[in-house]
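Worksheet: the structure to be examined is printed underneath.
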């Protein structure tokens with residue numbers, strides 16, 4: 001069941017820079033620690049993104065600061081996603097630098113458990129991919145997933161990514177299946 005956390009201020013100020021009919025993307029600020037804690041404080045989410053499967057309060061704060069710094073340096077981050085009608089934070093989806101020289105960005109999505117299975121991950125990823133190619137001018141988008149996360153694997157394949165290799169991911173200590181999609185491939189899949 002979805003919590004009733006209507007955020008009147010966020011809805012009134014409409015501080016979204018990527019939008020769909022349902023979703024709005026914001027930019028992390030230090031005052032967003034509560035949303036970060038609700039997301040990355042849930043071991044059902046972090047079991048696939050950290051070796052221990054959990055993030056401490058300190059780890060969550062460091063992650064939030066890292067996202068803020070990544071935005072300051074590169075104008076990308078794993079942006080917080082909100083339901084536009086209520087202002088409710090549902091998770092994150094966004095970009096991190098992967099290979100700046102070749103304009104390759106890594107995309108990731110983490111959703112709060114109560115929003116799984118609602119098509120939000122697919123919708124958010126498509127919005128981020130459009131933004132990456134049109135605004136950031138990415139040439140390619142890289143993604144990887146924990147080998148145990150079958151939901152992510154299915155999403156990545158539905159999005160049209162091509163498997164390239166298993167790549168070591170230091171935060172989990174595992175080799176993650178990794179994929180890539182070019183701008184041209186994305187345009188062909190989405191018909192422009």
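Just to be sure before I move on: is residue 132 under 13 Å from residue 182 (Cβ atoms), in a loop (DSSP other than H, G, I, E, B) and in contact with a strand residue (DSSP E or B) (Cβ under 8 Å, 6 or more places away or on another chain) in the structure I sent?
The answer is no for residue 132.
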- Task: Considering only region 22-67, state which residues are free of Cβ contacts under 8 Å to residues at least 40 places away in the same chain and more than 27 Å from residue 173 (Cα to Cα).
- Result: 29, 30, 31, 34
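Taking region 160-173, which residues are free of Cβ contacts under 8 Å to residues at least 40 places away in the same chain and surrounded by fewer than 16 Cβ atoms within 10 Å (Cβ to Cβ)?
160, 162, 163, 164, 165, 166, 167, 168, 170
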- In this structure, does residue 98 turn out to be at pLDDT 95 or above, on the phi < 0 side of the Ramachandran plot, part of a strand (DSSP E or B) and crowded, with 17+ Cβ neighbours inside 10 Å? yes
- Across (1) in contact with a helix residue (DSSP H, G or I) (Cβ under 9 Å, 6 or more places away or on another chain); (2) not in a helix (DSSP H, G or I), residue 164 clears everything bar (1)
- Message: Any residue in region 69-95 that is on the phi > 0 side of the Ramachandran plot and surrounded by 16 or more Cβ atoms within 10 Å (Cβ to Cβ) sitting within a Cβ distance under 9 Å of a residue that is at pLDDT below 95 and in a loop (DSSP other than H, G, I, E, B)? List the pairs, counting only those 6 or more apart or interchain.
- Response: 87/5; 87/6; 87/7
- Task: Please go through region 105-148 and pick out each residue that is surrounded by fewer than 18 Cβ atoms within 10 Å (Cβ to Cβ), farther than 24 Å from residue 50 by Cβ and more than 12 Å from the chain's Cα centre (by Cα).
- Result: 118, 119, 130, 134, 135, 136, 137, 139
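The values are calculated or read from the model by the stated rules, or taken from the named source; none is laboratory data. The structure displayed is predicted, hence computed values, not measured ones. Quick reminder, even Gly has a Cβ in these numbers, built from the backbone with ideal geometry, and neighbours come from all protein chains shown.
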